[in-house]
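Single-structure report; data block below.
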Amino acid sequence: MTKHKSSRHTHRTTHIFISPKLKSQMRTGHPWIYRDAIERAPRDLPSGVWVRVQSANQQAIGLWDAEGPIAIRLFSAKNIPGAGWIKARVQEAWQRREPLRHPDHRTTAWRWIYGESDSIPGLVVDFYGDAESGKKWAVLKSYSPSLERIQKWVVDALKDITPLNGIINRSGANWKLLAGAPPADEIIIEENGTRFAVDILRGQKTGFFLDQRDNRQTVARWSSGKRVLNLFSYTGGFSVAAALAGASQVTSVDSAPVAITTAKRNFRINNLNPADHGFEIADAFEMLERYHGEGNHFDLIVVDPPSFARSKAQLTNALHAYRRLNALAMRCLGSNGILATSSCTSQVSPTAFNAMLAEAAADARRRFIIQHEAAQPLDHPVAAQFPEGRYLKFVLGEVAVLP
């Protein structure tokens with residue numbers, strides 16, 4: 001009998017040796033290898049090359065990045081991923097979001113792929129369904145140039161798993177059409193039955209802050225009959241939720257005129273009259289200083305700022321900014337008012353965030369009594385071996401006078 005060699009295609013990979021101190025991290029599957037952990041690697045290796053990483057007796061396969069602090073993003077413990085491997089991960093991520101697709105949720109926008117937690121490190125994909133036309137888009141956002149290596153496989157997998165009218169790649173304010181047709185300048189999404197106008201081509205992130213979905217519902221439950229202030233309101237997500245829940249009046253503050261214009265539009269879409277509420281194009285810190293000076297107090301204040309730090313080196317300054325912001329907000333609350341405050345700065349841990357709130361309360365000569373804490377929703381899962389995946393902190397509680 002004639003023996004034939006296996007027809008299975010094999011790939012040669014470059015070997016990268018890293019510190020043996022990372023053996024345990026490799027064993028549990030943490031997906032990042034920082035550049036300063038590399039002990040031996042070829043010079044001038046271009047981004048997007050598959051490499052085999054070794055720490056003591058542990059090995060894994062990842063994509064090499066020639067620049068940035070993260071040199072390698074690990075994908076597999078055994079084999080170099082191909083189109084089939086990528087499609088399996090995209091399918092798994094689709095299944096994890098099945099509860100959000102239940103008709104009772106009346107939700108048409110959510111994160112389909114959350115990078116490291118869905119085993120495709122460095123890549124996010126958001127799904128947007130237009131509640132009026134029924135059309136659907138996927139929006140990709142990459143955090144590494146090396147991911148161009150797998151982009152076509154991801155696009156093909158997205159199209160195979162569910163019908164899409166178009167697939168967009170977002171890079172800052174720029175976008176590129178990867179498949180199908182682009183959306184109109186505005187689509188209408190639905191979130192728990194509430195409608196929002198979204199610009200997925202030019203809006204912040206991929207168009208909407210999908211990670212605050214559950215927290216908007218929490219704020220709604222506390223808003224009835226209250227005078228509400230929403231700081232860094234963007235297009236009014238928390239504001240609309242509060243107004244629909246029966247807030248007596250909602251003031252939205254954002255420094256971007258286009259965000260305030262869209263916030264008013266979102267009030268109208270949900271049959272709310274913007275004239276019954278307040279909208280301010282202003283710096284949140286300055287507005288709080290002004291409100292405090294005027295003695296203008298609110299029953300509930302939402303604080304949802306952008307990230308204050310992009311690296312660990314900026315952590316101290318970020319905590320100072322959060323502390324000042326939250327102390328100002330506490331001073332603008334009436335007796336036993338409610339503060340709903342958030343941080344999307346991944347470098348700030350939940351423990352550090354709560355400690356900061358204690359300091360802010362002391363600065364404001366108040367007590368802060370935490371009644372609710374949350375992270376991001378189910379479409380932003382956190383892999384146990386990657387605690388960095390939990391970046392969102394949301395804390396709601398009573399701001400009381402000192403006894």
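Only one of the numbered conditions (1) more than 21 Å from ALA220 (Cα to Cα); (2) among the aliphatic types (A, V, I, L, M); (3) in a loop (DSSP other than H, G, I, E, B) is violated by LEU272, and that is (1).
In the set ASP214, ASP160, only one residue is in contact (Cβ under 8 Å) with a residue 60 or more places away in the chain, more than 23 Å from the chain's Cα centre (by Cα) and in a helix (DSSP H, G or I); that residue is ASP160.
Checking each residue in region 247-267 for being over 19 Å from PHE285 (Cβ atoms) and without any contact (Cβ under 8 Å) to a residue 60 or more places away in the chain picks out ALA247, SER248, GLN249, VAL250, VAL258, THR261, ALA263, LYS264, PHE267. Count of region 392-403 residues, restricted to those that are part of a loop (DSSP other than H, G, I, E, B) and crowded, with 19+ Cβ neighbours inside 10 Å, is 1. If you go through region 116-127 one residue at a time, do you hit one that is more than 19 Å from ILE200 (Cα to Cα), modelled with pLDDT of 95 or more and of a type in the set (Val, Ile, Thr)? Yes, some residue in region 116-127 is more than 19 Å from ILE200 (Cα to Cα), modelled with pLDDT of 95 or more and of a type in the set (Val, Ile, Thr).
Taking the stated definitions as given, is ALA93 crowded, with 21+ Cβ neighbours inside 10 Å, aliphatic (A, V, I, L, M) and not in a strand (DSSP E or B)? For ALA93, the condition - crowded, with 21+ Cβ neighbours inside 10 Å, aliphatic (A, V, I, L, M) and not in a strand (DSSP E or B) - is met. Listed by position, the strands (runs of 3 or more DSSP E) enclosed by region 9-90 include none that has at least 2 residues that are outside the structural domain of LEU158 (by TED's automatic domain parsing), closer than 30 Å to ARG310 by Cα and free of Cβ contacts under 8 Å to residues at least 12 places away in the same chain.
Do we have any residue at all in region 332-345 that's assigned by TED's automatic domain parsing to the domain that holds VAL395, farther than 26 Å from PRO403 by Cα and assigned to a strand (DSSP E or B)? Break it down stepwise before answering.
We begin by selecting, within region 332-345, every residue assigned by TED's automatic domain parsing to the domain that holds VAL395; these are 332-345.
Keeping just the survivors that are farther than 26 Å from PRO403 by Cα gives 342-345.
Okay, now just the ones that are also assigned to a strand (DSSP E or B), so 342-343.
Within region 332-345, one or more residues are assigned by TED's automatic domain parsing to the domain that holds VAL395, farther than 26 Å from PRO403 by Cα and assigned to a strand (DSSP E or B).
Name the residues in region 163-188 that are without any contact (Cβ under 8 Å) to a residue 12 or more places away in the chain, assigned to a loop (DSSP other than H, G, I, E, B) and on the phi < 0 side of the Ramachandran plot, would you? Before the answer, list the steps.
Filtering region 163-188 for residues without any contact (Cβ under 8 Å) to a residue 12 or more places away in the chain gives 172, 174, 176-177, 184.
Checking the rest, the ones that are also assigned to a loop (DSSP other than H, G, I, E, B) come to 172, 184.
Correct list: ALA184 only.
Is there a residue being farther than 25 Å from GLN376 by Cβ and under 22 Å from the mean Cα position of the chain (by Cα) anywhere in region 132-145? Scanning region 132-145 turns up at least one residue that is farther than 25 Å from GLN376 by Cβ and under 22 Å from the mean Cα position of the chain (by Cα). Of all the listed residues (GLY172, GLY207), the sole one being of a type outside the set (Lys, Arg) and either more than 21 Å from ARG106 (Cβ to Cβ) or touching a Gly at 6+ places or on another chain (Cβ under 9 Å) (or both) is GLY172. Evaluation of ILE281 against the conditions (1) out of contact with any Pro (no Cβ under 8 Å at 6 or more places or on another chain); (2) β-branched (Val, Ile, Thr); (3) closer than 14 Å to LEU229 by Cα shows that the sole unmet condition is (1).
Listed conditions (1) out of contact with any helix residue (DSSP H, G or I) (no Cβ under 8 Å at 6 or more places or on another chain); (2) in contact (Cβ under 8 Å) with a residue 12 or more places away in the chain are all met by PRO305, apart from (1).
Just name the residue that is nearest to the chain's Cα centre (by Cα) out of those in region 365-380 that are without any contact (Cβ under 8 Å) to a residue 60 or more places away in the chain and surrounded by fewer than 16 Cβ atoms within 10 Å (Cβ to Cβ). Break it down into steps so the answer makes sense when it comes.
Within region 365-380, the subset without any contact (Cβ under 8 Å) to a residue 60 or more places away in the chain is 365-371, 373, 375.
Going one step further and asking which of them are surrounded by fewer than 16 Cβ atoms within 10 Å (Cβ to Cβ), we end up with 365, 369-371, 373.
On the way: ARG365: 33, ILE369: 26, ILE370: 23, GLN371: 23, GLU373: 17 Å.
Among residues in region 365-380 that are without any contact (Cβ under 8 Å) to a residue 60 or more places away in the chain and surrounded by fewer than 16 Cβ atoms within 10 Å (Cβ to Cβ), the one nearest to the chain's Cα centre (by Cα) is GLU373.
Restricting attention to region 59-74, report how many residues are among the charged types (D, E, K, R) and surrounded by 14 or more Cβ atoms within 10 Å (Cβ to Cβ).
Taking region 59-74 first, the residues among the charged types (D, E, K, R) are 65, 67, 73.
Imposing the further condition that a residue be surrounded by 14 or more Cβ atoms within 10 Å (Cβ to Cβ) reduces the set to 65, 73.
Number satisfying all stated conditions: 2.
I'd like to verify a number: residues in region 132-153 that are within 29 Å of ARG195 (Cβ to Cβ) and either charged (D, E, K, R) or buried (at least 19 other Cβ atoms within 10 Å of the Cβ) (or both), how many? So the answer is 8.
Would you point out which residue out of ALA362, ALA318, ALA329, ALA383 is outside the structural domain of GLN95 (by TED's automatic domain parsing), crowded, with 19+ Cβ neighbours inside 10 Å and either of a type in the set (Val, Ile, Thr) or under 17 Å from HIS292 (Cβ atoms) (or both)? So that I can check it myself, show each step before the final result.
Numbers: ALA362 fails: crowded, with 19+ Cβ neighbours inside 10 Å; ALA318 fails: either of a type in the set (Val, Ile, Thr) or under 17 Å from HIS292 (Cβ atoms) (or both); ALA383 fails: either of a type in the set (Val, Ile, Thr) or under 17 Å from HIS292 (Cβ atoms) (or both).
Selected residue: ALA329, the only one of ALA362, ALA318, ALA329, ALA383 that is outside the structural domain of GLN95 (by TED's automatic domain parsing), crowded, with 19+ Cβ neighbours inside 10 Å and either of a type in the set (Val, Ile, Thr) or under 17 Å from HIS292 (Cβ atoms) (or both).
Filtered by the rule that a residue be in contact with a Gly (Cβ under 8 Å, 6 or more places away or on another chain) and modelled with pLDDT under 95, region 42-94 gives a lone residue, ALA77. On inspection, ASN266 passes the criterion of being among the polar types (S, T, N, Q) and buried (at least 19 other Cβ atoms within 10 Å of the Cβ).
VAL228 meets each of the listed conditions (1) touching an Asp or Glu at 6+ places or on another chain (Cβ under 8 Å); (2) outside the structural domain of LEU396 (by TED's automatic domain parsing); (3) not acidic (Asp, Glu) apart from (2).
Do we find a residue being closer than 30 Å to MET26 by Cα, outside any strand (DSSP E or B) and in contact (Cβ under 8 Å) with a residue 60 or more places away in the chain anywhere in region 350-359? First the steps, then the outcome.
Going residue by residue through region 350-359, those that are closer than 30 Å to MET26 by Cα are 350-353.
If we keep only those that are outside any strand (DSSP E or B) as well, we get 350-353.
Among the residues that remain, those that are also in contact (Cβ under 8 Å) with a residue 60 or more places away in the chain are: none.
Looking for residues that are closer than 30 Å to MET26 by Cα, outside any strand (DSSP E or B) and in contact (Cβ under 8 Å) with a residue 60 or more places away in the chain, one finds none in region 350-359, hence no.
The values are calculated or read from the model by the stated rules, or taken from the named source; none is laboratory data. Note that the coordinates shown come from a computational prediction; the quantities given were computed from them, not determined experimentally. Cβ coordinates were reconstructed from backbone atoms using ideal geometry, including for glycine residues, and neighbour counts include every protein chain displayed.
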